[in-house]
Amino acid sequence: QVHLVESGGGLVQAGGSLRLSCAASGSTYIVMGWIRQAPGAEREFVSAITWNGGATNYADSVKGRFTISRDNAKNTAYLQMNSLKPEDTAVYYCAARWGSLSQSINEYTYWGQGTQVTVSS
């Protein structure tokens, strides 16, 4: 079983940056992604990366501002978030699945507990 632990959330001003980390136990050969849930909203796909880092995808709302990466030697994924906006405020969850890239939240099998990102205006 894969266990995921997120870290790196916090409070930043609009226009600022944060880097989230997700440490995974278990196999390296998993797709890892980030899903967020804003107050009063449903969960929303943010980004995902293949096991070898060869392919990524992003929600349109974060494209050009967020970058996902992974370090398989450390079995850790990262989400670099730049030019943050108040609407990025959410709990960010690390998630993982076996297989290929997916933007479907229901296809992710493993979930972390989330880390809070708050962007002030």
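Details
- Residue check, residue 110 touching a Phe, Trp or Tyr at 6+ places or on another chain (Cβ under 8 Å) and touching a residue at least 40 places away in the same chain (Cβ under 8 Å): no
- Failed item, numbered, when residue 87 is tested on (1) within 19 Å of residue 16 (Cα to Cα); (2) part of a loop (DSSP other than H, G, I, E, B); (3) more than 14 Å from the chain's Cα centre (by Cα): (2)
- Verdict on residue 33 being closer than 24 Å to residue 54 by Cα and modelled with pLDDT under 95: no
- Of the residues making up region 102-121, those that are open to solvent by less than 40 Å² (accessible area, probe 1.4 Å), among the small types (Gly, Ala, Ser) and under 14 Å from residue 43 (Cα atoms) number 2.
- The residue that is surrounded by the fewest Cβ atoms within 10 Å (Cβ to Cβ), among those in region 23-47 that are over 18 Å from residue 86 (Cα atoms) and β-branched (Val, Ile, Thr), is 28.
- Of all the listed residues (101, 79), the sole one being outside any loop (DSSP other than H, G, I, E, B) and out of contact with any Pro (no Cβ under 9 Å at 6 or more places or on another chain) is 79.
- Candidates 16, 54, 26, filtered to the one that is farther than 18 Å from residue 110 by Cβ and at pLDDT below 95: 54
- Scope region 68-99; condition of a type in the set (S, T, N, Q) and either closer than 14 Å to residue 26 by Cα or open to solvent by less than 30 Å² (accessible area, probe 1.4 Å) (or both); matching residues: 72, 75, 76, 89
- So residue 41, is it small (Gly, Ala, Ser), modelled with pLDDT of 95 or more and either within 19 Å of residue 5 (Cα to Cα) or under 14 Å from the mean Cα position of the chain (by Cα) (or both): no
The values are calculated or read from the model by the stated rules, or taken from the named source; none is laboratory data. Computed from a predicted model, the values in this text were never measured in an experiment. For neighbour counting, all protein chains shown are included, and Cβ atoms are generated from backbone atoms with ideal geometry for every residue, glycine included. In case anyone asks, the SASA skips ligands and DNA or RNA and just uses the protein heavy atoms, side chains included. Shrake-Rupley method; radii C 1.70, N 1.55, O 1.52, S 1.80 Å.
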